[in-house]
1. Please give the per residue volume of the convex hull enclosing the alpha carbon atoms of the stretch B:93-163, rounded to a whole number of Å³.
2. With a cap of 15 neighbouring Cβ atoms within 10 Å, and only residues DSSP puts in a loop, list the trypsin sites (Lys or Arg not before Pro) found in the stretch A:94-141.
3. If you line up the Cα atoms of the stretch B:167-255 on their principal axes, what length do they span on each, largest first, in Å?
4. Under the Kirkwood approximation applied to all pairs of distinct alpha-carbon atoms, what is the hydrodynamic radius of the stretch A:3-333 in Å?
5. Just check the stretch A:88-230 against the gyration tensor rule for me: Cα atoms, a ≥ b ≥ c as the square roots of the eigenvalues, rounded for a/c under 1.5, and otherwise prolate or oblate depending on whether a/b exceeds b/c.
6. Output the antiparallel fraction of DSSP beta bridges having both residues in the protein assembly as shown, as a percent to the nearest 5.
7. Averaged over every viewing direction, what's the projected area of the C-alpha convex hull for the protein assembly as shown? Give it in nm², one decimal, please.
8. If you build a Gaussian network model of chain B, linking Cα atoms that sit under 10 Å apart, which residue out of B:Phe48, B:Phe86, B:Phe117 swings the most?
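No lab work stands behind these numbers, since they all come straight from the coordinates. Note that this is a predicted model, so its numbers are computed, not measured. Reconstructed Cβ throughout: ideal geometry from the backbone, glycine too, with neighbour counts over all protein chains shown.
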Amino acid sequence: MSGLVGWAFVLAMALLPVVAPDPYMLAVLTSAGIFIIGAISLNLLLGYTGQLSLGHAAFFGLGAYASALASLGFDIGIGFGMRLRLEPQPVYVGFLSAILVAGVFGWLLGRLAFRIRGAYFVIITICFAQVLRMLALNWVELTQGPMALVGIPPFSLWWPGQGVVDLTSKAQTYWLVLGVGVLAFLVVRQIVHSRIGRALVALRENETLARSVGIRATHYLVIATVVSAGIAGAAGSLFAHYVRIVDPDVFLFIYTVTMVIMVITGGKGTLWGPVVGGLIFGLLPDMLRGSARPEAQWIAYGAAMILLVMFLPRGIVPAVAAWLPARRPATQALPTPVREGVG
Amino acid sequence: MTAPLLRVEHVMVQIGGLVAVSDLGFEVGQGEVVSLIGPNGAGKTTAFNAITGYIRPRRGTIHFEGRDIIGLSPERIAALGLVRSFQRTSIFGACTVLENALMALHLRGRAGLLEAFIPLPGRRREEARLRDEAMAMLDFVGLSARAAARADSLAYGEQRRLGIALAAAAAPRLLLLDEPAAGLNPSETADCMALIRQLRDRGTTILLVEHDMAMVMRISDRIVVLNQGRIIADGPPAAIRENPEVIRAYLGGAPEGVGHAAA
């Protein structure tokens with residue numbers, strides 16, 4: 001997809017609330033958008049380093065909790081008679097701390113897990129998300145456990161001339177998610193098109209060879225994990241302030257699976273893959289809701305997924321790119337940075 | 001005489017209880033083309049793996065430019081200027097030939113996370129320079145016409161040449177080539193030999209593992225013969241050809257006193 005098409009797509013999405021201000025559709029698109037941001041972050045790991053993180057919801061959940069706790073404030077005992085207190089902070093502080101906390105955990109997990117790659121990485125990431133879920137369930141003083149953190153403030157934004165405004169309308173939240181989504185996309189694109197991105201793809205394609213030409217495996221994989229975790233944390237923060245309640249279920253496996261499906265059907269290792277896959281699998285359940293019973297709906301959802309994986313194993317974006325005559329079909333692995341624009 | 005570029009002393013490598021290399025010792029001087037030969041299973045590839053950090057020897061020392069490199073990771077060793085090629089064709093298959101060359105030039109670039117986001121002029125210059133170097137390297141191995149092709153769509157001989165180009169791309173001081181002519185037809189072998197000579201003329205020191213004896217005899221300044229995990233001869237091609245122990249090793253009949261076969 002050329003840069004022009006990409007920006008036209010963003011513009012069309014941005015104009016949607018003006019052209020068709022349907023609150024239901026905006027709500028569906030907003031939550032789909034949040035998961036698309038998660039999928040974009042997962043794609044950096046799964047698509048470009050080839051490492052499957054099946055605990056990606058961990059970063060998403062960490063971001064959600066960090067952001068919610070920062071904006072609600074907390075006061076907890078940390079042993080030895082000491083207490084840790086935090087006054088409620090503005091929402092943007094919550095958003096930044098979500099990125100920071102998720103990024104730090106990404107760094108830790110990356111350092112640990114990339115010593116043992118492949119299947120063990122998958123297992124460690126699953127455990128990581130499960131441990132965090134247990135923690136969120138049982139550390140009641142901090143997280144309220146299964147009672148969930150409630151009353152999370154909505155997003156606020158500083159706006160010239162108006163000061164800090166709450167983003168309460170559907171359209172405002174939608175635009176915010178769209179904005180963060182575009183940023184996440186651009187961050188991943190810049191990395192993929194840089195020397196770092198080249199190193200990541202080299203490690204994915206042939207790690208032994210990559211190391212032999214001096215590419216430091218752990219170093220680059222950790223960079224990818226930190227960036228990926230940070231973006232997932234940002235998505236988690238958006239989620240927290242959008243639904244305004246966070247419970248331990250944000251660490252559920254199903255959230256990870258949703259993101260993995262979005263990336264794989266859209267086309268892992270392509271910049272637009274998670275967006276396309278995310279739009280399909282973020283919107284499909286809601287589009288089917290009106291016309292089909294829930295059982296039929298889930299069957300259709302599953303069937304669509306199986307068909308896609310069977311007939312387009314590399315995903316939708318590479319398949320479409322192969323049909324377009326002007327593009328070289330083979331180079332989805334690493335578009336050359338010379339003249340590629342957005343995608 | 002100045003210190004050798006590479007000095008391997010008393011190196012012993014064990015793989016799962018099996019002694020693959022029992023006592024390896026040789027030197028490679030600056031600017032030489034040295035061949036490491038020996039029958040199948042003599043431990044040649046194991047020696048390469050030990051020198052480039054893929055296997056840690058049980059005993060012995062390996063010095064590169066006077067520096068002990070045992071225990072360093074392959075990427076650190078590569079950064080010091082010691083790069084290898086692989087016996088089995090090893091390329092970045094799903095990427096284009098040019099991308100392959102750019103990846104192999106990793107050490108020639110410096111851009112990090114910051115440069116990925118801030119469009120400094122230095123970054124653009126670096127990219128342009130890397131592209132020039134990559135194209136020059138492809139030109140050197142005769143693959144510039146295939147720069148846009150996917151690497152795994154190349155013919156076998158071309159893939160082998162690309163493999164050498166990848167190892168040689170970052171202009172290492174010492175290049176280890178593991179059977180560069182394996183599976184090549186005679187004319188491709190001649191090309192390969194010419195390529196190695198050109199690399200040497202550019203100032204690259206070369207350590208070669210090869211089975212094609214005609215090629216080894218013609219291209220090497222010196223030959224080191226490995227049999228059953230130990231060095232049995234070391235000298236110029238003419239002397240090696242006459243060496244009775246080498247002849248015995250190649251024609252069968254293991255020398256006495258060697259207990260176990262190598263993997």
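1. Working: hull volume 6.2 nm³, N = 71.
So the per-residue hull volume is 88 Å³.
2. Within the stretch A:94-141, the qualifying trypsin sites (Lys or Arg not before Pro) (loop, at most 15 other Cβ atoms within 10 Å) are A:Arg115.
3. 41, 28, 22
4. Every distinct Cα pair counted, the radius reaches 20.6 Å.
5. oblate
6. Among the beta bridges of the protein assembly as shown, antiparallel pairing accounts for roughly 65 percent.
7. Working: hull surface 137.5 nm².
Computed as one quarter of the Cα hull surface, the answer is 34.4 nm².
8. For chain B, modelled as a Gaussian network with Cα springs under 10 Å, the answer is B:Phe117.
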